[in-house]
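Here the structure is laid out as C-alpha cells; the discussion comes afterwards.
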Amino acid sequence: MSAKEPELPHDHDHDHGHHDNYDAAYAPSTLEPLPATPEYGFWKSLRELEGEAAVQTDRGNNEFPPNAEVVDPMSRRNFFQLMGASMALAGAGACRYEKEEIVPLARRPEDQIPGLAQQYATAFELGGAGHPLLATAFEGRPIKLDGNPEHPFHAGGIVTGTERHAGCSTFAQASILNMYDPDRAQNPSQAAKGSSMDGFRAALPALRQNLAAARVLCEATSSPTVAALKRRLVQKYPGLQWHEYEPLSWDNERLGTRLAFGKSVRPLARLDRCETIVTIDCDLFVEHPAAMRYSRDYARSRKQNGTLGLGKMNRLWSVESTFTNTGAMADHRLGLRSEHGLPFAMALDGALGGAGGTPGSEVIKEKKVAQFIQVLVEELQQNRGRAVVIAGRRQPPAVHALVARINQAIGAPGATLDYIEDAEPDRPSHLESIVNLTKAMAAGQVPTLLILGGNPVYDAPADLEFAAALAKVQTSVHLHEYLNETGQKTSWHVPRAHFLESWGDVRTWDGTITVAQPLIAPLYGGLSIAEMLGMLLGEEQTGEQLVRAAHEELGVAANWRQIVHDGFVPNTALPVAQVTPQANFAMPPLTPGQAAGSVRPNGEVEVTFHYSSFTYDGRYANNAWLQETPDFLTKVTWDNYALVGPETAEALKLENDTMIKVRVDNREITLPCYTMPGQARYSVALVLGGGRTAAGRVGGKGTASRVGWDTYKVRTSTGFDFAVKGNVTSTGEHYELANVQEHWDIRTGLVPKVTQEGIAERLPQLIKETTNEALVKNKGWAAEPGPEQYWDDRDVDTGGNKRHLSLFREHEYGGHRWGMAIDLNTCTGCNSCMVACQAENNVPVVGRKEVINNREMHWIRIDRYFSGTKQDPVIVQQPVACQQCELAPCEQVCPVGATVHSDEGLNDMAYNRCIGTRYCANNCPYKVRRFNFLDWNQEWREARNKVRRLLFNPEVTVRSRGVMEKCTFCVQRIQNAKIHAKAQIRSGQRPGSIDAPLPDGEIMTACQQACPTEAIMFGDLADKDSRVSRLHEDRRGYALLPELYTKPRNRFLARIRNPNPKMPAITAPAAHATSAGGHPGPGEPQKPKSKAGTPQAGGH
C-alpha cells in the first residue's frame, strides 16, 4: 500500500507533506572519474560499461544522494496546510475526546490465547493454478502468508537435514495486502451508483429468469466446487454458455499435446531427476504455474551431492527472447526471438530423428545457433532418460507438439516427465473463448452476462473492443474485489470476498485438491465465486456447505476436519495419462520472419508481451509491496516499459530512459525504453499490467494518475502472444525510470580513492564462482583462505590467544550464536525473500519519487551483476541484508548506543534511542541500513485507513521519521521460539534443559521461510550439527569483504557453473585470473595475503 495517491500524470509519487533538509557537507568531488568497466568483468548496468554509472562518476564517498530535492517547508501550499491544521486543532481543543467503547471479550474463541499467533492452512489461486499456503493470524486478523510445508506437491526439503519446507511466491505473499486495501469495493453498485447487498438479492429473481440465454465469463479456476456448481447451473439452464479467459494463458500447451497425442494432457517435469534441462521461451522459476515445485526440484538436482548423486549436478539450457530468472540461472543461454522458437524446435527434433527434418530458416544456420543446437543434441542423446525439454506459454501449439515428440525421442516420459490427465479436456482455449463471446455480444446475442472475476475491459485483446460490445448487453453483473474498469461499465458490480475471507478449494498444478478456509469474516460483505453461483441456483448455502457438497460428489472419503487442518485432500492428484504419440502431425509453414535470420528491418520487429513482476497481468496494480519490489532483472520499480536489446537500440537509435513509440499494425503506444542486455535481436518485450485507470490510489485512478502504460492497447487476438510487424521509433522525450540497480553499491564508499583496478579486484571477492568440474577435480579448492591468513600476529609467538585484527577485546559467545548462510548456486532471484521481509517487519513503502531519491526501505536487496558482452551476458545474483557483524563498524560510531550487540551475536536496534545521525549508515560497508527520511506510515493513522492498520505485525515496532532501521534476523521470531520452548520444557511438554540449544529448524526467518529453493539457511552456530553450521564449514563458503575484519555472521556459498566443455567459455579468459573468481582453481597455488586480506602485487 502506498503512502499517498499519485497526483501528476506519469509521476506516481507520494507526497507526504514533509521534506528533509540535507546536510550541507556535500562538497564537490576532487577525485577523477573512473573509466568504463570492461565488459569481461562484472557490471551492473550499461551505464557502467559507458563510464556513466554513479560508482564511476560520484567520487565523493557520499552515502546519500547529493541532488535530492530540498523543498522550502514554508512554501505557499504547506503554509495553508499548516494553518488549516492549526485551526482544526484549535477547534478540537475545546471538544471532549472522541468516545470509544471498550467491549470485554467475555467468551474467548476456542484455542485462542491473547498475544499468541496462530497458523491455519489455506489456499490461493492465480491464473487457474492453486498454491497451498499457511496463514498466520494474530488475535483473529491475518498478518502473514507462507507456503504450506505439509503439502505433497509444493513442499519438501532441499538442504540435507530439512524435513519440512515450502516456498511462497511474491504474488501469494503480497495478496494479503489486497485484503486490507481501503480501495476495495465495499458495497454493491448498480449503474455506477451505490446500492446494497439486499438490493442485489432483490434483483436476483429477474436475473434468474434470463439465465437460459445468458453467458458466464469466468476467470480461470481449478476449483472442484466451482466446476460442480457450473455443471448444475448448465443442467438447470441448458441455454447458458460458460466462457473462461485469462490474459496470461498456458492453453498453447494443452493445444500442443492434443496435436501430439490426440488429446490434451498436462506435462509435469521431474527436475530432480534431470541431468539436462532445456527450456524454450519458458521461465520455470517465476512465471510457470508449477514454479514453486520446479524451483525446489531444480535446487535438489543442482546441489553437488543432491538427488543425482555424488559430484553430479544438472545443466540448464535456456532459449528465450527476453531475459528471465531461468535464463539467469542457465549454464548456456541463447537469446532468440520468440517467433524463432518453431524453427529451433524443428531443428532439434530433426537432429534427434524426428520426421520434420531441418527447417529452412536462416537463423538456424547462424554459427552461434548452429553450435548451440549441435552440442545440445549430443548431450540430449548422451543423457537419454535423464533429460527434459519444456516450452513456455508464448510458444504456439506446434512448438509444444514438437517438444512432446522430442521428449519421446530422449526417453523423458516416465523418467523425467509425466503426463497427467487434463481436468477439463474439452474446454476451448481462453483466446478462442473470449473471441467468440465478444463477437456474440457485439451482435446483440447476449442479453445477460455474468463476469466472475477478471477485468476483460482492460485486458481483453484490443481488436475485440470488449467495452463497446459490453455496452450492447442489457444486463451485466461483475463480481470482483475492486470496482475496476470492467465493474464501472456493468449494470451491477458485486464485491468479491478475498480468499482469506471465504471457503473455497483449488487444484495445484498436479491436481491435488487444496482447501481454502477463511481466517476472518468478509470485511465488506463480499461473495466468493462459489457463493455467487449458489445464489444463482437459488441455494442460500454457506461456502463451507458448498465445498463439502462438492467433495462428497467427488467421493472424498477423508475426514473433513483433518482436511481443513492439513489444507489438502490426500491422494487426489490427477492420474498419470497414458498417451500414444501421433505418427505424424502437420507443421505450419514458416512465416517470413521465422525463415529469416536474426536481423530484421524496422517494421518487422517482433513484439512480445511479458508478464509484470509488479502486477502480474495488471490485477495487482494497487499492491504497493509489489510495485516497489524491484524487478530482478531490470531493477526498475513502479513502472512498466519496453525491453530492447543493446544492438537493436543502437540500430534503431533508441536510448535508455527515453520514450519510444511502438506500433503494431494500426495500433501504437508510447512508453519508456529500457535497454536490456541479452534481449534477443530485434525483439521488443512490452511489460503488461500498467496504465490502469480504476486500480486505486496506488495503481492508478483516472487518466491523470495512472501508473505505467497500458500495453494491452497493442495486443490483439492475432498477436496475442507475440506480434511480428512491429515498428519502433524514438520520440526523444526523456523519462526517468525508478531504477535501483546503482543504489547501495558495495564497491563505493569504503575507500574514496579506489581505482578501477581495485573495483575489478573487489568484485570477484563479492561474487565468487567456480565450476562443477573444478570442485570434482580439486578436493582442496576453497572459496576463501583459512582465517589464519588474517591474523596480524601470525608470525609472533605470544604464548597466549591470538588477537586477530580487532582494536577491542573480542567477545566470547557462550550461548546461542545465530548465523545465516546463503547459497548463490540455488538462489533464483525470485524476490520472495524481499516481499516476505516487508510483510514480516512492517517495512514501509516510499513511492516512486523517493525511490529515485535513493530512499527505498527494503531490509534485504538482491544485487544483480552482469558479466560478459552486453549482447550475450551471464547473470549472477546475491541477496544482501545486514551481515550481523561481530565487530560491527556501525556500533562503533553511534553516539547514543542505538545499535548494540546482543550476547547472542545479533546487531540489535533500539529505535527509541536513535536520533538519526546516520553515522552508522555511513560506516556500514555493506550498505544495508535504511533511514526514515519521512514519516512513511503517517497516512495509516488516518481514520479512513483504520482497516489497513490491521495488517501490521504487532511484534515489530512501526518506525517513525528520523529513525534508522535494518535487518534484525527476525529477532521477534527468535524470542518467541525461545519463550515457547522454555514454557514447554518447564511444563513437561518436551524434554530437555532450558539452556540447551533449540532444535535445528525451529526458528526460521521470514526470508528463509519464503525461499522456494532453501537458498537461505538460518540457525544456531553454537550447534555444530545444525544445517547452518555445516554450510558455514562448506568449502564454498566465504564472507563478504573479509579484509575489513567485521566478522560477519552471514556467509555466502559460491556459485557453481556447469558448462558443457564443448561450448565457448561464458566469459573471456581475462575475466577471472583463476577458476573461482580470483581464487586458485585446480592445481593453482594459493597466493599469500597481506594483513589487510587483499592480494599482493601480481594478484587479480
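The values are calculated or read from the model by the stated rules, or taken from the named source; none is laboratory data. Note that the coordinates shown come from a computational prediction; the quantities given were computed from them, not determined experimentally. Cβ: placed from backbone, ideal geometry, glycine included. Neighbour counts: every protein chain shown.
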Hey, any hits in segment 928-940 for a residue that's more than 19 Å from F138 (Cβ to Cβ), of a type in the set (V, I, T) and over 26 Å from the mean Cα position of the chain (by Cα)? no
All positions within segment 879-895 that are touching a Phe, Trp or Tyr at 6+ places or on another chain (Cβ under 9 Å) and farther than 13 Å from I822 by Cα: Q884, C885, E886, L887, C890, Q892, V893, C894, P895
Going by the conditions given, is A839 touching a Leu at 6+ places or on another chain (Cβ under 8 Å) and within 17 Å of N623 (Cα to Cα)? yes
Determine whether segment 348-357 contains at least one residue that is free of Cβ contacts under 8 Å to residues at least 12 places away in the same chain, part of a helix (DSSP H, G or I) and buried (at least 16 other Cβ atoms within 10 Å of the Cβ). yes
Filter segment 952-993 for residues that are in contact with a strand residue (DSSP E or B) (Cβ under 7 Å, 6 or more places away or on another chain) and assigned to a loop (DSSP other than H, G, I, E, B); the one that is farthest from K927 (Cα to Cα) is P954
Given the criteria without any contact (Cβ under 8 Å) to a residue 60 or more places away in the chain, of a type in the set (G, A, S) and touching a helix residue (DSSP H, G or I) at 6+ places or on another chain (Cβ under 9 Å), does G829 qualify? no
Any idea which of (1) assigned by TED's automatic domain parsing to the domain that holds V846; (2) assigned to a loop (DSSP other than H, G, I, E, B) is the one N912 doesn't satisfy? (1)
Residue check for A680: surrounded by fewer than 19 Cβ atoms within 10 Å (Cβ to Cβ), of a type in the set (A, V, I, L, M) and either in contact with a Phe, Trp or Tyr (Cβ under 8 Å, 6 or more places away or on another chain) or touching a residue at least 40 places away in the same chain (Cβ under 8 Å) (or both): no
Out of (1) closer than 30 Å to D1034 by Cβ; (2) crowded, with 22+ Cβ neighbours inside 10 Å; (3) not hydroxyl-bearing (S, T, Y), the one E891 does not meet is (2)
Since E856 meets every condition but one in (1) charged (D, E, K, R); (2) over 18 Å from W744 (Cα atoms); (3) surrounded by fewer than 24 Cβ atoms within 10 Å (Cβ to Cβ), which condition does it not meet? (2)
Which of the residues spanning segment 485-501 are hydroxyl-bearing (S, T, Y) and crowded, with 24+ Cβ neighbours inside 10 Å? T486, T490
Any chance you could count how many residues in segment 507-560 are among the hydrophobic types (A, V, I, L, M, F, W, C), in a loop (DSSP other than H, G, I, E, B), touching a residue at least 60 places away in the same chain (Cβ under 8 Å) and surrounded by fewer than 21 Cβ atoms within 10 Å (Cβ to Cβ)? 3
Look at W709 and say whether it is aromatic (F, W, Y), touching a Lys or Arg at 6+ places or on another chain (Cβ under 7 Å) and more than 22 Å from H430 (Cβ to Cβ). no
Among (1) without any contact (Cβ under 8 Å) to a residue 60 or more places away in the chain; (2) aromatic (F, W, Y); (3) closer than 30 Å to R1055 by Cβ - the single one W242 does not satisfy: (3)
Go through (1) over 24 Å from D745 (Cβ atoms); (2) of a type in the set (D, E); (3) in a strand (DSSP E or B) one by one and return the number of the condition D903 breaks. (3)
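So that you can scan it fast, the table gives a plain yes or no per residue for (1) closer than 22 Å to A1039 by Cβ; (2) surrounded by 21 or more Cβ atoms within 10 Å (Cβ to Cβ); (3) modelled with pLDDT of 90 or more:
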site: G786; (1), (2), (3): yes, no, no
site: V796; (1), (2), (3): no, no, no
site: N801; (1), (2), (3): yes, no, no
site: L807; (1), (2), (3): yes, no, no
site: E810; (1), (2), (3): yes, no, no
site: I822; (1), (2), (3): yes, yes, yes
site: N825; (1), (2), (3): yes, yes, yes
site: M834; (1), (2), (3): no, yes, yes
site: I852; (1), (2), (3): no, yes, yes
Condition check: in a helix (DSSP H, G or I), closer than 13 Å to A783 by Cα, in contact (Cβ under 8 Å) with a residue 12 or more places away in the chain and not polar (S, T, N, Q). Does L1031 satisfy that? yes
Name, by its number, the condition in (1) of a type in the set (A, V, I, L, M, F, W, C); (2) within 25 Å of M820 (Cβ to Cβ); (3) modelled with pLDDT of 50 or more that does not hold for A1076. (3)
Is it the case that segment 316-323 has a residue that's within 15 Å of the chain's Cα centre (by Cα), crowded, with 24+ Cβ neighbours inside 10 Å and not in a strand (DSSP E or B)? yes
Assuming V636 fulfils every condition listed in (1) closer than 28 Å to V843 by Cβ; (2) of a type in the set (V, I, T); (3) over 14 Å from the mean Cα position of the chain (by Cα) apart from one, which condition is it? (3)
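Every residue, every condition in (1) surrounded by 15 or more Cβ atoms within 10 Å (Cβ to Cβ); (2) modelled with pLDDT of 90 or more, yes or no:
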residue: R108; (1), (2): no, no
residue: I113; (1), (2): no, no
residue: A155; (1), (2): yes, no
residue: F171; (1), (2): yes, yes
Quick check: is even one residue across segment 379-387 touching a residue at least 12 places away in the same chain (Cβ under 8 Å), part of a helix (DSSP H, G or I) and not aliphatic (A, V, I, L, M)? yes
Qualifying residue in segment 214-229 (condition: under 30 Å from A299 (Cα atoms), of a type in the set (V, I, T) and either out of contact with any helix residue (DSSP H, G or I) (no Cβ under 6 Å at 6 or more places or on another chain) or surrounded by fewer than 23 Cβ atoms within 10 Å (Cβ to Cβ) (or both)): yes
Any residue in segment 255-272 that is free of Cβ contacts under 8 Å to residues at least 40 places away in the same chain sitting within a Cβ distance under 6 Å of a residue that is in a loop (DSSP other than H, G, I, E, B)? List the pairs, counting only those 6 or more apart or interchain. D272/T307
Quick one: is Q871 assigned by TED's automatic domain parsing to the domain that holds L1041 and part of a loop (DSSP other than H, G, I, E, B)? yes
